[in-house]
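The values are calculated or read from the model by the stated rules, or taken from the named source; none is laboratory data. Keep in mind the model is a prediction, meaning the values are calculated, not measured. All Cβ positions, glycine included, derive from the backbone under ideal geometry; neighbour counts span all protein chains shown.
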């Protein structure tokens with residue numbers, strides 16, 4: 001027998017209480033694990049999305065950078081448009097390697113129960129969206145349509161099928177289906193740019209332009225050059241990244257507040273359990289002092305008991321965090337104003353080790369007072385017969 | 001035989017509210033190795049307080065206590081803990097067995113703190129010697145009072161102490177179990193162990209070589 005098996009036997013004395021405390025720690029650990037995974041995952045997903053787009057500069061009509069990012073990366077509708085002439089000026093500007101124009105529109109069904117999102121694009125979009133994988137072919141004619149994976153699933157359409165779009169009152173041929181991107185692109189109908197401009201009566205108009213540079217070192221000079229064009233607003237990918245991070249800062253603060261509450265409750269739960277278990281065993285500790293336990297031994301015993309509760313609670317939390325990660329991800333998505341494509345929760349070894357270290361540190365902190373109290377028990381207490 | 005316990009003018013005072021209690025006053029006594037001493041006296045006479053001083057779990061207000069030649073009043077808390085664990089074994093009226101541990105584990109418990117792993121192997125042997133060979137893996141709730149006290153005795157002996165202190169060891173037992181415990185104490189004493197026992201039970205006290213009568217914190221008679 002050793003101090004660890006003794007601690008284990010002590011914990012087994014009040015099984016329900018021990019299990020409930022472990023579950024409390026587990027919930028806090030799962031929250032911690034999920035939020036740390038989100039912290040890593042969101043930043044990575046955003047970086048990947050912006051880097052993956054191959055777009056170095058975003059050009060739109062005047063507005064905020066977030067609007068520009070949202071427009072090009074996910075779609076969106078604002079009642080201001082760039083002209084094709086402006087697009088050509090952007091494309092031919094010195095230092096611009098590639099540029100792609102987008103027209104984005106939404107239509108609500110007459111019953112008001114469905115909103116169709118349309119994305120008018122050209123072949124150049126493929127160069128700026130290298131992550132896209134299209135099953136089937138690219139647009140063959142003005143009646144071709146490419147469906148986002150979610151749209152294809154809802155409409156039960158496959159490559160080669162015809163599709164009637166009620167909001168447009170038109171038939172199209174599904175020439176391609178975009179493989180799942182886990183982003184908003186999955187919910188779009190993609191049309192040839194000219195078709196979209198004609199259908200929405202926005203000939204010669206674009207919602208935004210994505211720009212790829214020949215040389216990234218020329219970023220500032222190209223930006224300055226493009227900004228001399230009238231009614232043009234230019235932002236860099238980095239600015240967008242920063243703006244988005246600033247924009248979701250409030251949501252992150254809310255999540256961290258929830259985390260703090262969960263950790264505080266869990267710490268108080270541990271303190272309550274350990275303190276109760278300590279106060280119940282005053283005489284026992286006194287007796288242990290009589291048979292050779294030093295103050296240090298009793299402190300170690302309490303800390304080992306607490307560490308075991310926290311370790312098992314943490315393991316429950318991490319396993320729970322993994323198992324329910326998709327649920328947690330969907331839940332977190334609801335609170336965010338901007339959600340990049342790809343997984344938002346990306347646990348790694350650092351997340352696992354940080355959550356373990358924090359759980360153990362808080363748990364052991366909660367055990368300091370009870371452990372100190374146990375060590376102060378006088379052995380005289382054990383010998384009293386009253 | 002050498003002196004193993006020596007108390008010189010020991011006094012112990014403590015406060016209860018505003019009142020100063022003189023639990024022990026000018027107590028001097030000595031015991032030699034292998035001796036069996038009984039301390040008797042009415043409730044509140046200071047028997048348990050005296051046992052606490054000899055057991056090094058409390059320090060006197062005045063006087064000196066020498067155990068096995070060591071002046072324990074000069075030892076620090078950690079030195080006292082160490083000294084206690086290797087010199088003194090305790091048996092109490094209320095057994096103090098941990099409910100989640102088996103009889104065998106309860107006996108091994110002191111070794112967890114003293115780190116004497118070699119002594120852990122003695123636990124099994126001790127329990128068998130005390131007639132609990134078939135109760136090794138029983139929990140206290142599955143044992144009778146007499147059996148629990150025998151487990152407590154085995155636990156007191158596992159670190160091979162030089163002195164066994166017992167505080168009303170038969171106080172919670174029926175007469176048959178009490179006789180069995182008395183026999184064990186006698187046998188342990190005959191094997192050379194110094195035994196000092198606090199009791200109300202005169203039958204138990206009568207088997208001691210020396211009986212100290214305590215009243216109002218003073219030794220009034222020695223037989």
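A few notes on this one:
- Entry remark, the range A:276-320: residues being touching a residue at least 60 places away in the same chain (Cβ under 8 Å) and touching a strand residue (DSSP E or B) at 6+ places or on another chain (Cβ under 7 Å) number 1 in total.
- Selected residue (criterion: surrounded by the most Cβ atoms within 10 Å (Cβ to Cβ)) from residues of the range B:95-108 that are facing chain A (nearest Cβ under 9 Å) and more than 24 Å from residue B:5 (Cβ to Cβ): B:108
- Condition met for residue B:113 (at the interface with chain A (Cβ under 7 Å from one of its Cβ atoms) and either in contact with a strand residue (DSSP E or B) (Cβ under 8 Å, 6 or more places away or on another chain) or in a helix (DSSP H, G or I) (or both)): yes
- Leading residue by the ranking (nearest to the other protein chains (Cβ to nearest Cβ)) among those in the range A:248-275 that are more than 15 Å from residue A:34 (Cα to Cα) and surrounded by fewer than 16 Cβ atoms within 10 Å (Cβ to Cβ): A:272
- Being at negative phi, touching a helix residue (DSSP H, G or I) at 6+ places or on another chain (Cβ under 6 Å) and within 14 Å of another protein chain (Cβ to nearest Cβ) holds for only one residue in A:298, A:303, A:345, and it is A:298.
- Condition met for residue B:81 (without any contact (Cβ under 8 Å) to a residue 40 or more places away in the chain, under 19 Å from residue A:3 (Cβ atoms), surrounded by fewer than 19 Cβ atoms within 10 Å (Cβ to Cβ) and at the interface with chain A (Cβ under 7 Å from one of its Cβ atoms)): no
- Residue within the range A:180-199 that is free of Cβ contacts under 8 Å to residues at least 12 places away in the same chain, on the phi > 0 side of the Ramachandran plot and out of contact with any helix residue (DSSP H, G or I) (no Cβ under 7 Å at 6 or more places or on another chain) present: no
- Among the numbered conditions (1) within 14 Å of chain B (Cβ to nearest Cβ); (2) under 37 Å from the mean Cα position of the chain (by Cα), the only one that residue A:12 does not meet is (2).
- Residue in the range A:308-323 that is away from chain B (no Cβ under 14 Å) and closer than 27 Å to residue B:154 by Cα present: no
Every residue, every condition in (1) out of contact with any helix residue (DSSP H, G or I) (no Cβ under 8 Å at 6 or more places or on another chain); (2) at pLDDT 90 or above, yes or no:
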{"position": "A:26", "(1), (2)": "no, yes"}
{"position": "A:34", "(1), (2)": "no, no"}
{"position": "A:46", "(1), (2)": "no, no"}
{"position": "A:60", "(1), (2)": "no, no"}
{"position": "A:73", "(1), (2)": "no, no"}
{"position": "A:87", "(1), (2)": "yes, yes"}
{"position": "A:111", "(1), (2)": "yes, no"}
{"position": "A:120", "(1), (2)": "no, yes"}
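- Residue B:49 being over 20 Å from residue A:294 (Cα atoms), crowded, with 20+ Cβ neighbours inside 10 Å and within 11 Å of chain A (Cβ to nearest Cβ): yes
- Test result for residue B:37, under 12 Å from the mean Cα position of the chain (by Cα) and within 13 Å of chain A (Cβ to nearest Cβ): no
- Here residue A:288 meets each of (1) touching a helix residue (DSSP H, G or I) at 6+ places or on another chain (Cβ under 6 Å); (2) within 29 Å of residue B:101 (Cα to Cα); (3) assigned to a helix (DSSP H, G or I) with one exception, condition (1).
- Restricting attention to the range A:19-54, the residues that are crowded, with 21+ Cβ neighbours inside 10 Å and under 30 Å from residue A:371 (Cα atoms) add up to 11.
- Residue selected from the range B:84-94 under the condition surrounded by 19 or more Cβ atoms within 10 Å (Cβ to Cβ) and more than 7 Å from chain A (Cβ to nearest Cβ), by the criterion nearest to residue B:168 (Cα to Cα): B:91
- Any hit, the range B:137-145, residues being under 22 Å from residue B:108 (Cα atoms) and in contact (Cβ under 8 Å) with a residue 60 or more places away in the chain: no
- Test: residue in the range A:276-285 that is away from chain B (no Cβ under 14 Å), buried (at least 18 other Cβ atoms within 10 Å of the Cβ) and assigned to a helix (DSSP H, G or I): yes
- Taken over the range B:151-200, the criterion of being within 14 Å of another protein chain (Cβ to nearest Cβ), more than 28 Å from residue B:137 (Cα to Cα) and surrounded by 18 or more Cβ atoms within 10 Å (Cβ to Cβ) is satisfied by B:196, B:197, B:198, B:199.
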